[in-house]
Amino acid sequence: MRGKHDEEIMATTGEPVVCDVRTEWSWVKLGIEEILKENPQLPFRPEDVYTACVTEQATLWCAPEGFVVTTGQTDHFSGERTLLLWLAWAKKRGQNCAIKYYPFFSRVAKEAGFSKIKVKTAVSQMEDYLIGEGWTKDTVVYTRDL
């Protein structure tokens, strides 16, 4: 699924690598579709993720277990920059790429000048795990259609 070059880099570093969404789209799209099917409240389509990666508003990271898409956010009031782990998908349940590679993404965020790292999830089981790993719950958002 991934190019030979990407696989060689991963074998050397053991860390996710930046991938070209154009090259990886056939399998990444399937993962995004699965995420959207399980989270119908999300307001975007797979093509929106593709566009964000192509226009460098987001970054696709490939790992043997799956992929993570990250994007930067700036707080409008404080100017503080946060690296959002926007999407994470694993080929097999329980292989959470965002959590497994947290030390890697933390380092990448620091090197890029971000002061925080953020993950959003509607999966309630993740709360205990994240809090147990040193994350802080900032906000829980509930919505209701009118």
Unique residue being more than 14 Å from the chain's Cα centre (by Cα), modelled with pLDDT of 90 or more and either basic (Lys, Arg) or at positive phi (or both) when the list is LYS137, LYS37
LYS37
Test GLU47 against the criterion of being more than 22 Å from LEU130 (Cβ to Cβ), assigned to a helix (DSSP H, G or I) and of a type outside the set (A, V, I, L, M), and give yes or no.
yes
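Restricting attention to the stretch 61-86, which residues are hydrophobic (A, V, I, L, M, F, W, C) and either under 18 Å from GLU111 (Cβ atoms) or in contact with a Leu (Cβ under 9 Å, 6 or more places away or on another chain) (or both)?
So in the stretch 61-86, the residues hydrophobic (A, V, I, L, M, F, W, C) come out as 61-63, 67-69, 77, 83-86.
TRP61, PHE67, VAL68, VAL69, LEU83, LEU84, LEU85 - these are the residues of the stretch 61-86 that are hydrophobic (A, V, I, L, M, F, W, C) and either under 18 Å from GLU111 (Cβ atoms) or in contact with a Leu (Cβ under 9 Å, 6 or more places away or on another chain) (or both).
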Does the stretch 106-118 include one or more residues that are at pLDDT below 90, under 16 Å from the mean Cα position of the chain (by Cα) and closer than 26 Å to PRO46 by Cβ?
no
With a cut-off of at least 3 residues that are in contact with a strand residue (DSSP E or B) (Cβ under 8 Å, 6 or more places away or on another chain) and over 17 Å from GLY31 (Cα atoms), name the helices (runs of 4 or more DSSP H) lying wholly within the stretch 54-134.
102-111
Any residue at all in the stretch 29-38 that's free of Cβ contacts under 8 Å to residues at least 60 places away in the same chain and part of a loop (DSSP other than H, G, I, E, B)?
no
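What do you reckon, is GLN95 within 22 Å of TYR50 (Cα to Cα) and either at pLDDT 95 or above or surrounded by fewer than 16 Cβ atoms within 10 Å (Cβ to Cβ) (or both)?
Values: within 22 Å of TYR50 (Cα to Cα): no; either at pLDDT 95 or above or surrounded by fewer than 16 Cβ atoms within 10 Å (Cβ to Cβ) (or both): yes.
Criteria not met by GLN95.
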Residues of the stretch 68-85 that turn out to be buried (at least 20 other Cβ atoms within 10 Å of the Cβ) and either in contact with a Pro (Cβ under 7 Å, 6 or more places away or on another chain) or at pLDDT 95 or above (or both), as a count
4
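From the list ALA90, ALA63, ALA109, ALA122, pick out the single residue that is among the small types (Gly, Ala, Ser), in contact (Cβ under 8 Å) with a residue 12 or more places away in the chain and over 25 Å from ASP20 (Cα atoms).
On the way: ALA90 fails: over 25 Å from ASP20 (Cα atoms); ALA63 fails: over 25 Å from ASP20 (Cα atoms); ALA109 fails: over 25 Å from ASP20 (Cα atoms).
Residue meeting the stated conditions: ALA122.
The values are calculated or read from the model by the stated rules, or taken from the named source; none is laboratory data. All of these numbers come straight from a predicted model, not from anything done at the bench. Positions of Cβ are backbone-derived with ideal geometry, glycine not excepted, and every protein chain shown enters the neighbour counts.
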